[in-house]
Amino acid sequence: MIQIEESQADVVARARRLMTPNYKPQPVIFVTGEGPFLYDRDQNRYLDFAGGIAVSCLGHNHPVLAQAIAEQAKRVLHVSNLYFNQAQIDLADRLIDRSTADRIFFCNSGAEANEAALKLARRYMRTVRGENRWKFVTAKYSFHGRTWAAISATGQPNYHEGFGPLVEGFTYVPFGDLDALEAAIDDETCAVLMEPVQGEGGVLVPPEGYLRGLREVCDRKGVLLMFDEVQTGVGRTGKLWAHEHEAVRPDVFTIAKGLAGGVPIGAMLCTEEVSKGFSPGAHASTFGGNPLACRAALAVLDVIEKEGLIAHVERVGAHLRSEVDALSTRVPGLTGARGRGLLAGVGVDPSIIDRAAIIDRCRRLGLLITQAGPDALRFTPPYIVSRSHVDDAVATLERALKGEGA
Ligand SMILES: *Cc1c(COP(=O)(O)O)cnc(C)c1O
């Protein structure tokens, strides 16, 4: 029960008693949002450069998205995959038209999309190719989600702690190193799974040519190439899909975060050939592709296309990186801009700068940012931010780095 007379601090204390202790939320209760801003219970305003961790691509309370959701809610929310629904078919059509994929499977999150990809890869090798290929190669510092297979795919030991034994068959190689990848693939390997830009690992862009090199190695070794575009997809890096930066065609790719602008959804897209690994009953999701989520995703794609937001992401992202590079020359402990488009960050020397303290100070000064990997602060604002929002964010970060907001 919401008690209006409670203070924000009271509600935070209540929340901390109710939830399982696997998160460490900041002491603020958001109640509304508008464009790139969020408002807490005490009407304080925050410029949202966290973006729900690269989810809220149209910002908050976007009129087109809000209306699409409301209208779909009045028609039908859910029917299950025992039946077709119009929104799912329209979204499938749109995503396949705008990508090199031929087929799509819908689910509800990034981890589930990767789970589908990993299951499909194994089953395709066994049932279609008749080969005993069941192992995967992924990258160190990768992040693929929190289901058992997804943490097993994730090349960061801290996500494994206490959960062993993991799903068998995963090997991790340094991100960006094609020789190490080639050496890690054996005749039991079925697929390589990679983020085109590592998000959680620290906003790491691989060397030029790496994505094309992955395709070349996978082709030569007869294994599938799968991209985890859960964070990079749907325009975040300044292309609709990050693998378009090197014009590579993956066998499988997964998406989720930004796809429906904040409504839970995930999807796995694949070629016609690889889709043969699934037959009726092989895999499923009760909620996957329901009319509400699919209508929301269609609205997001409409707005992105009509407003030319991907070109804007490219431009405003370049501006953000150049301002962050300039800031790095003024403030000790910053090691320069990282990222692509609005998946951006700044390198931080953790022995000089306490990232958690900076994030707290930024919040007190009205700016939301996140951290990523061992040594980065990350900025994943909505695509609708202007140059002046970027300038405000960098100015606030500078104040926080100089000790304000403590
Ligand atoms: C966030 C993320 C996931 C996990 O998505 P969930 O929706 O939290 O399951 C998987 N892969 C990448 C690259 C991500 O950034």
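Rule-based calculations on the coordinates, nothing more; no lab input. All values derive from a computational prediction rather than experimental measurement. We place every Cβ from the backbone using ideal geometry, glycine too, and count neighbours over all the protein chains shown.
One quarter of the convex hull surface built on the alpha carbon atoms of the chain amounts to 20.4 nm², the projected area averaged over directions. Helical content of the chain, expressed as a calculated mean residue ellipticity at 222 nm, amounts to -11000 deg cm²/dmol (DSSP H runs of 4 or more residues, -39,500 (n - 2.57) each, divided by residue number, nearest 500). Using the Cβ of P36 as centre and a radius below 10 Å, the other residues enclosed give a net charge of -3, where K and R count +1 and D and E count -1. What the phi angles of the range 318-325 give under the Karplus curve with 6.51, -1.76 and 1.60, with θ = phi - 60°, is a coupling list of 5, 4, 4, 5, 6, 5, 5, 5 Hz, glycine and proline written as x. If R0 is taken as 51 Å, the Cβ-Cβ distance between T335 and V76 corresponds to a FRET efficiency of 0.50.
In this structure the amide hydrogen of I384, modeled in the peptide plane, comes within under 5 Å of the amide hydrogens of G59, none closer than 5 places in sequence on its chain.
Panel order for I352, I265, I358, I185, by other beta carbons found within 10 Å of each beta carbon, from fewest to most: I352, I358, I185, I265. The H on the amide N of K140, modeled in the peptide plane, is under 5 Å from the matching H of V173, F175, each at least 5 residues off or on a different chain. Backbone geometry of the range 144-161 corresponds, through the Karplus equation with coefficients 6.51, -1.76 and 1.60 at θ = phi - 60°, to 3J(HN,Hα) couplings of 10, x, 10, 5, 4, 5, 5, 5, 5, 6, 6, x, 9, x, 4, 7, 9, 3 Hz, x marking Gly and Pro.
With viscosity 0.692 mPa s and temperature 37 °C, the Kirkwood radius over alpha carbon pairs of the range 130-210 converts through Stokes-Einstein to a diffusion coefficient of 251 µm²/s. For the range 327-339, putting each phi into the Karplus relation 6.51 cos²θ - 1.76 cosθ + 1.60 with θ = phi - 60° gives couplings of 4, 5, 7, 9, 10, x, x, 8, 10, x, 6, 9, x Hz, in residue order, rounded to whole numbers and with x for Gly and Pro.
Annotation: amide H-H contacts under 5 Å for G336 (H modelled 1.01 Å from N, sequence separation of 5 or more, or interchain): G347. Each residue, M19 and V128, gets one label point 7 Å from its Cα in the Cβ direction; the gap between the two is 4.0 nm.
Among the listed pairs K24/K135; K140/K402; K24/K140; K135/K239; K24/K74, a Cα-Cα separation exceeding 27 Å is found for K24/K135; K140/K402; K135/K239; K24/K74. Here the chain carries DSSP beta bridges of which approximately 65% are antiparallel, counting only pairs with both residues inside.
Fewest-first ordering of V197, V205, V128 by other beta carbons within 10 Å of each residue's beta carbon gives V128, V205, V197.
Taking the charge dipole of the range 1-132 about its Cα centre, with +1 at Lys and Arg Cβ atoms and -1 at Asp and Glu Cβ atoms, the residue from L95, H62, A117 reaching farthest to the positive side is A117.
Considering the range 271-406, its Cα convex hull presents a mean projected area of 11.8 nm².
Shape of the range 237-302 from the C-alpha gyration tensor: oblate (a/c of 1.5 or more and a/b not above b/c, with a ≥ b ≥ c the square roots of its eigenvalues).
In the range 76-306, the ratio of gyration radius to Kirkwood radius, Rg to Rh, stands at 0.95 when only Cα atoms are counted.
In terms of surrounding Cβ atoms within a 10 Å radius of their Cβ, S99, S328, S386 rank from fewest to most as S386, S328, S99.
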